[in-house]
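The numbers here are math on the coordinates, done by the rules we state, and not lab data. Model, not experiment: these values are computed from the prediction. Cβ sites come from the backbone with ideal geometry, for glycine too, and all protein chains shown count toward neighbours.
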Amino acid sequence: MNPPVNNWRIFVHEGFEKQLAKLSGGIAWMQAADQTTTKNNLRKKVLKAIKRTMFEAVPASPGRAEHRLGHTIGRENTAWFRVKVLQQYRLFYRYDSASRIIVYVWVNDEESLRAYGSKTDAYALFAKMLSSGYPPSTFEELLKQSREI
């Protein structure tokens, strides 16, 4: 277990880890974000931005107003938050202020860049995932499918 970030414990859901593996091209994503030589500088830039967002921006204030989704992905999903990374990437998460836990659940990739109205839009894909039950809708179940980093 790592020390908390701004008194928040950080967890990652298995779906988030799969997406990061995809983005990093098979290299451990934390290492890929820190490498100075990478074949694809855009991927490196995206991974660095995601890492900075995860460990700095969100833990500073996870309930920040601009991270709220409102009814963007449905009225039943108002407990979910998202943060914009660079221009077309969205990192989705939930947090519990009582236990001081943030769970990062999913981030889009190059195949699901933000494009309003598109079937592959990050919000449309995440809403579809939620309606299928994966990731789970309760924080307790979500935590069971996640690991602390």
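Only lysine pairs 8 or more places apart, or on different chains, with alpha-carbon atoms under 17 angstrom apart are counted in the stretch 9-148, and they number 15. Legend: helices of the chain (whole DSSP H runs) are marked when their alpha-carbon atoms reach 20 angstrom or more along the helix axis and their mean Kyte-Doolittle hydropathy is at least 0.0; nothing is marked. Of the labelled figures (i) 13.9, 41; (ii) 14.6, 44; (iii) 18.5, 62, only one reflects Rg and Dmax of the Cα atoms in Å as derived from the coordinates, namely (ii). With the convex hull drawn around the C-alpha atoms of the stretch 48-110, the volume per residue stands at 91 Å³.
The amide H of ARG90, built 1.01 Å from its N in the peptide plane, has VAL85, ASN108 as neighbours under 5 Å, considering only residues 5 or more places off or on other chains. Take 124-134, 12-22, 63-73 and order them by the average number of nearby Cβ atoms within 10 Å per residue, most first; the result is 12-22, 124-134, 63-73. Charge dipole (Cα centre; +1 on Lys/Arg Cβ, -1 on Asp/Glu Cβ; no other charges) of the chain amounts to roughly 380 debye.
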